[in-house]
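Student: Dropping a structure here in structure tokens format, bear with me for questions.
A short reminder: the numbers here are calculations on the coordinates, not readings from a lab. These numbers were taken from a predicted model, which means no experiment stands behind them.
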Amino acid sequence: MSNPTPENRVPECLRPPKVGSIGLRDADAAMDMLPLTKLPYGLLPKRNRYYQPPKMYLGYIVTDDWVDSMAKEHNLVAHAIGDEGNLCEDDLQTMFNVFKFIAKEAGVTSFVPAMSAIYRFPGMTPDDWLLTVMSSYDDRPVGKPTNSDIHKIQLYLKKAEPPKWYLSALHWKWGVHPYRGKRW
């Protein structure tokens, strides 16, 4: 029988490598099972712990085309001065403007969605991004987004299912990740 530690609640493929190195126990199998509908307790970071789990994001997949059409339809396109001194579109600021607009239109008050780079899993395209509700490392001062506000985002986006948990593209492995926050 296995030891009942929090990590044992994590699917085998998402557990840390047995050798004690960084990474995932079975990255290929992990990609096949993502996204997760529920975040296992063992994937939450622990305060005062050196070895931390990978970062996970809760959210919805959106495409570049969808963000562009929203930006153009609602006049949210941001511009910046390019390398050659010409005016060009600022994609990141435009995406932020769209997500801020969605929060306002949906009546969300506990958070503003963000864009996150997630690990590409089968079926995703390079034009897919994550409209992020929160992360497993979320320690924002105002607290956890309310279930009501998360549901408002779901309704605004016309999604049939609640948001799911995706693996961060930057902090996708077990290892040393800074975590100084408090758990909600």
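Student: With θ set to phi - 60° and the Karplus curve 6.51 cos²θ - 1.76 cosθ + 1.60, what are the ³J(HN,Hα) couplings of region 151-167 in order, to the nearest whole Hz, using x for Gly and Pro?
Tutor: 5, 4, 5, 4, 5, 4, 7, 6, 9, 6, 10, x, x, 10, 9, 10, 7
Student: To make sure I understand the rule: partners must be lysines, Cα under 17 Å from the Cα of LYS152, and not fewer than 8 residues away in the same chain. Which ones qualify?
Tutor: Of all the lysines, those that pass the test against LYS152 - Cα under 17 Å, at least 8 places apart if same chain - are LYS100, LYS104, LYS144, LYS164.
Student: Looking at the P(r) of region 40-80, how many percent of alpha-carbon pairs lie beyond 11 Å?
Tutor: Result for the distance tail: 75 percent.
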